[in-house]
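Working notes, structure below.
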Amino acid sequence: MKKSVLFGAGLLAALVASGAARAEGELVLGYMMAKSGPYVSLANTNEVAVDMAVEEINAKGGINGKKIKVVKFDTAGDPKQATTALRSFAQDAGALAVIGPFSSSEVRTTFPVGEREGLAQMSMASSAPGLTKGFTYGFRNTTDEGKVIDQVLAAVKDKKLPMASGAAAYATDDVVSKSIGTAVVPKMFEKYSIPSKGSVDFQLAAFDLSPQVAQLKQMAPDIVGLGSPPEGAVNLAKELKRQGVATRIVGGTTIADPELPKRMDGAGETLTIGTTFFPEVNDKTKAFTSEFGKRTKAAGLTRTDPNQMDASVYDIVYLYSEAMKRAGVTGDKAKLAEERTAIRDQLAKLKDYHALEGSISFTDGDAVKPVYVLEVKGGKWTLLDTRTPN
């Protein structure tokens, strides 16, 4: 397989040239990465997973006798750059479909453009509720935070763990985190008849959360619904321990960092989250984790354990491959618009596809797949329950 080239905004001309030089019959996928910018700690290993999937598929003969080629563009998590990348993939690179973008803010800008271009996109991380509504070419191999936290609370209830009262804690300067704290958590508390004792908020840059934890200590809730990236979870858990506050933090995919228990330095016991990937599920997940670890270590990356975004983006390549196979895609330039639409149609019909993360189907553009409810015990993630959203 030809080595893919990393493209950024400053290399747009190279992207155009690459698209023009595309070999007849190659099956081109565009890939919007977030290898720089605010999501780099979660996204900088995604490329390893994409390359793994492409190499595996091409080694087995590709799709319909044609090899997959990936054209890459680092959007840095910037919605404007994501839009530039999408238009370039659609108009210059001859992409059949697009992997990404990463974030909810990028999806909000690129899904409308993709709809006009007739080009499918599939995000690996955007989890704000309702982002696929109204779009036929917009897909997410994610589960929105409302559904994830719903399954977390269902597991807590089924395991008969304390949940007689709750409170919310959330970052105000992150779109998804704020949505979780102000909309998702209150709605889920109401669904499960959990009286809310109030809420606290904080800025992601705030290292000192002692005032917020002092308020939580006075509230004394059984559970705290958290909307935050991993950094906020680390700071909150450490401060809760320092002030001697015993409560169960519950959250969704925004804090599904494989290294989170280690980062909390003994704090965060009983923290309970939902995620769509757990390395210990079966032989397939264990083999993926092992190979991923070898490749990230060889690349000199800091994190060598796969997170759910790594698993998601790996599965996106396979989902597109299955759709291309079913659609009989040829890579013929004259059939580009037709084959793009055929890929979309096959994705929409996909049911119970056996992927790395588990059985995947699509409903209204969103993946329906297992949610693994994890709990921190003894300083490591343990599997509390496995559930599938309705």
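The values are calculated or read from the model by the stated rules, or taken from the named source; none is laboratory data. If you're wondering where the values come from, they're calculated on a predicted model, not measured in any experiment. Here the Cβ positions follow ideal geometry from the backbone for every residue, glycine too, while neighbour counts run over all protein chains shown. Calculation scope for accessible area: heavy atoms of the full protein, side chains included, ligands and nucleic acids excluded. Shrake-Rupley method; radii C 1.70, N 1.55, O 1.52, S 1.80 Å.
The share of Cα pairs per 20 Å bin across the chain, counted from zero up to the longest distance, runs 30, 55, 15, 0 percent. The tail of the calculated P(r) for region 142-299, taken as Cα-Cα distances beyond 25 Å, holds 29 percent of the pairs.
Between residue 191 and residue 383, the simple spin-label model (points 7 angstrom out along Cα→Cβ) gives 2.3 nm. When a/c reaches 1.5 or more, the comparison of a/b and b/c decides; with that in mind, is region 18-115 rounded, prolate or oblate per its Cα gyration tensor? Verdict is oblate for region 18-115.
Sorting 92, 310 by solvent-accessible area of protein heavy atoms yields 92, 310, largest first, with a 1.4 Å probe. From Cα pairs below 8 angstrom and at least 6 apart in sequence, can you work out the relative contact order of region 120-193, rounded to a whole percent? It rounds to 27 percent for region 120-193. Of all DSSP bridge pairs formed entirely within the chain, close to 35 percent run antiparallel.
Computed extension gain for residue 351 through residue 205, at 0.36 nm per residue and net of the alpha carbon distance, reaches 48.4 nm.
Using 0.36 nm times the number of residues separating residue 80 and residue 220, minus their current alpha carbon distance, what extension gain do you get? Intermediate values should be presented prior to the final figure.
On the way: separation 140, 0.36 × 140 = 50.40 nm, distance 4.34 nm.
Roughly 46.1 nm would be gained on extension.
Within region 206-298, report the chymotrypsin sites (Phe, Trp or Tyr not before Pro) that DSSP leaves as loop and that have at most 15 other Cβ atoms within 10 Å. Sites meeting the loop and neighbour criteria: 207.
Please give the FRET efficiency for residue 172 paired with residue 302, using the beta carbon to beta carbon distance and R0 = 41 Å, rounded to the nearest 0.05.
0.90
Using 1/(1 + (r/R0)^6) with R0 = 30 angstrom and r between the beta carbons of residue 291 and residue 160, what's the FRET efficiency to the nearest 0.05? Efficiency computed from Cβ-Cβ geometry: 0.15.
Sequence-ordered 3J(HN,Hα) estimates for region 172-189 from the Karplus curve with 6.51, -1.76 and 1.60 and θ = phi - 60° stand at 7, 9, 9, 4, 5, 4, 5, 4, 4, x, 9, 10, 5, 4, x, 5, 5, 4 Hz, glycine and proline given as x. The order of the peptides 331-337, 200-206, 42-48 by mean Cβ neighbours within 10 Å, most packed first, is 42-48, 200-206, 331-337.
Among 272, 363, 83, the residue with the largest mean-square fluctuation in a Gaussian network model of the chain, with springs joining Cα atoms closer than 10 Å, is 363. For the pair residue 64 and residue 282 in one chain, pulling the backbone fully straight at 0.36 nm per residue adds 75.6 nm over the alpha carbon distance.
First obtain the Kirkwood hydrodynamic radius of region 55-202 from its Cα pairs, then insert it into the Stokes-Einstein equation at 4 °C and 1.567 mPa s, and state the resulting D in µm² per second as a whole number. So the translational diffusion coefficient is about 73 µm²/s.
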